[in-house]
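Here is the structure we will look at, set down as structure tokens.
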Amino acid sequence: MSARFVRLAEGERPTVRLMVDGEPIEALQGDTLMVALLTRVSALRQSEFDPGRRAGFCLMGACQDCWVWTRSGERLRACSNEVREGLDIVTRQPEAIWPLRG
Amino acid sequence: MATARLKNLQKDALRVVIVGAGPAGTRCAETLVAAGIRPILLDENRRDGGQIYRRQPEGFTRDYATLYGSEAEKARALHQSFDRLRERIDYRPDTLVWSLTPGQLCCVSQGKHTTVDYDALILCTGATDRLMPIEGWQLAGTYSLGGAQIALKAQAVSIGRRVVFLGSGPLLYLVASQYLKAGATVAAVLDTSPLRKRIAALPKLLARPGLLFTGMKLLAQLYLARIPVHLGVEPQQVLGDAASGVSAVRVRTSHGDNLQFDCDALALGYHLRPETQLADLAGCRMRFQEVSQQWVLDTDGEGRTSVRGVYAAGDGARIRGADAAEHAGRLVALALLQDLQQPVHGEALALQRRVLAVMDEFSHGLCQAFPWPAAQAKALADEAIVCRCEMITAGELRSVVREKGACEVNRAKAFSRVGMGRCQGRYCSQAGAEVIAAAAGVAVERVGRQRGQAPVKPLSMLTEELKQAEEVAP
């Protein structure tokens, strides 16, 4: 899958390493998760309602099209969360766990 | 939150809460600080500036001219004002206000729920892109116009290798020219507004000749760079496939020719719509604004809503742009001070009102020059997606109007789920209302507007409290 976003400037930032779906990737400090992902691949996730792939839409936290999850199940908007060293992201919705079980 | 109660409070004990740290929120805070009030400023973003003057993350090095172009000095001035205010206000970034009850806001900040009490609330919640669907807009690689701008401004990326800009409004030309200047490839700029609308709007646009000139300069830059620019187009389809996303955009020109532009990204937008959900939850009255053909907050000339103690300024009240937002922010602060029986110079109030009257005139001119393309909703193919969150088609929405008689948007939403998905109607409800109105054969203001619902944005179930509850559970 080819990259969707193209970097035009600000390429001189330090590198940050994180995991995406179990694979290590490198991003630049200050990248949003969306930019870290879409400068490598063409989509963020699978739509739940059709065969289409989704790659975000509004970039301002309004459309919620760009959800990804941490390994522990916390949901993040890829457009408004920055990469951090050691972050472990999954792009498939984890099994729904009712948080007040028991 | 009666004004009567406000009057009885000491200035020090008064809890004034501003929501949003864009141009309106910042100027409002500044005016209140000057009067000796220390407001709480809640901001969903991580840094001040709002969307238009969004600050790039730490470690980015582009200068103001590169980032904000013709608006560089305004951006710098606003940021500097905020920096000076920083210690004199209670600024809480990364804080989403997701609901409210009279006197109290429900917030979530970094996974933690908090409440914030208020005596006076000033909503400076800004705007999002106003969208009209086009067949195929659900394909990956279609972004809102504002989103395309944020990609460039906040992250120094282009949304694609070849980008088509489609829609209408000043932002269309601004973002396209910013992409061009930053070295991105602009495949075409396609405006649904015909030239005659702009000519007809000239008298109103001349209210702000400087801005009109800036707009013409942007257009000239695009022509000089030999970017195909077409006015008065009818959008036809976004082409592509489910796996790889957008591959081309097809439009019909004003001469009736079909044109296709190959691209891997589309920036789509028709001006802006106000974020009114919190005002709606507070019970503030709305009104249908003829000139923009959308529902806006019904405020008095100074920013008081119909609910006492609740105020609004900037694009979150009605769309007038960033310059007007700065003035409206100052004015609403003066209005609040007046309600608190604080000394306010009549001349200061009058000055802001005079400036805003000019900006009103200009914003009406923009609505006239770049009209909302309501007719497109009527012409939308039955197979076209209206709700891109849950993939609901125009045909499905029309069928609930025809078969169930759901001629009101909230009722049609209940049957069709248009407006119920992840974006909570931000990107489909206006077009949805047009589809319903056309199917029902009534004017769009007759089908109502989608009610705000709490939470105004989806919340994660895994907040701190719930995590703790889980830990102590057997």
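The values are calculated or read from the model by the stated rules, or taken from the named source; none is laboratory data. These figures come from a predicted structure and were not determined experimentally. Counting neighbours? That spans all protein chains shown, and the Cβs are built from the backbone with ideal geometry, glycine included.
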May I ask you to list pairs of residues, at least six apart or on different chains, whose Cβ atoms are under 8 Å apart, with the first in region A:64-81 being within 8 Å of chain B (Cβ to nearest Cβ) and free of Cβ contacts under 8 Å to residues at least 24 places away in the same chain and the second being surrounded by 19 or more Cβ atoms within 10 Å (Cβ to Cβ) and β-branched (Val, Ile, Thr)?
A:ARG75/A:VAL68
Residues to consider are B:ALA374, B:ALA384; find the one that is more than 14 Å from chain A (Cβ to nearest Cβ) and at pLDDT 95 or above.
B:ALA374
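Count, please, the residues in region B:269-286 that happen to be over 20 Å from B:CYS107 (Cα atoms) and over 17 Å from the mean Cα position of the chain (by Cα).
Total satisfying the criteria: 1.
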Exactly one condition in (1) among the aliphatic types (A, V, I, L, M); (2) more than 10 Å from every other protein chain (Cβ to nearest Cβ); (3) in contact with a Leu (Cβ under 8 Å, 6 or more places away or on another chain) is not met by A:VAL41; state its number.
(3)
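Let's see how each residue does on (1) surrounded by fewer than 24 Cβ atoms within 10 Å (Cβ to Cβ); (2) touching a strand residue (DSSP E or B) at 6+ places or on another chain (Cβ under 7 Å); (3) under 16 Å from B:GLU30 (Cα atoms); (4) not β-branched (Val, Ile, Thr):
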| residue | (1), (2), (3), (4) |
| --- | --- |
| B:SER292 | yes, no, no, yes |
| B:ASP300 | yes, no, no, yes |
| B:VAL307 | yes, no, no, no |
| B:ALA313 | no, yes, yes, yes |
| B:GLY316 | no, yes, no, yes |
| B:ASP323 | yes, no, yes, yes |
| B:GLU326 | no, no, yes, yes |
| B:GLY329 | no, no, yes, yes |
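Does B:LEU180 satisfy the criteria of being within 14 Å of chain A (Cβ to nearest Cβ) and part of a helix (DSSP H, G or I)?
Working: within 14 Å of chain A (Cβ to nearest Cβ): yes; part of a helix (DSSP H, G or I): yes.
In short, yes.
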Looking at region B:69-76, can you tell me whether even one residue there is among the charged types (D, E, K, R), surrounded by fewer than 20 Cβ atoms within 10 Å (Cβ to Cβ), touching a Phe, Trp or Tyr at 6+ places or on another chain (Cβ under 7 Å) and outside any loop (DSSP other than H, G, I, E, B)?
yes
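What are the residues in region A:1-38 that are β-branched (Val, Ile, Thr) and within 7 Å of chain B (Cβ to nearest Cβ), if any? Lay out the reasoning, then the answer.
Let us first name the residues in region A:1-38 that are β-branched (Val, Ile, Thr), namely A:6, A:15-16, A:20, A:25, A:32, A:35.
Across region A:1-38, the qualifying residues are A:VAL6, A:THR32, A:VAL35.
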Considering only region B:243-274, state which residues are over 16 Å from A:PHE57 (Cβ atoms), in contact (Cβ under 8 Å) with a residue 12 or more places away in the chain and within 13 Å of chain A (Cβ to nearest Cβ).
B:SER244, B:SER247, B:CYS263, B:PRO274
Specify the residue that is nearest to B:ALA154 (Cα to Cα); the eligible residues are those in region B:44-103 that are in contact with a strand residue (DSSP E or B) (Cβ under 6 Å, 6 or more places away or on another chain) and hydroxyl-bearing (Ser, Thr, Tyr).
B:THR95
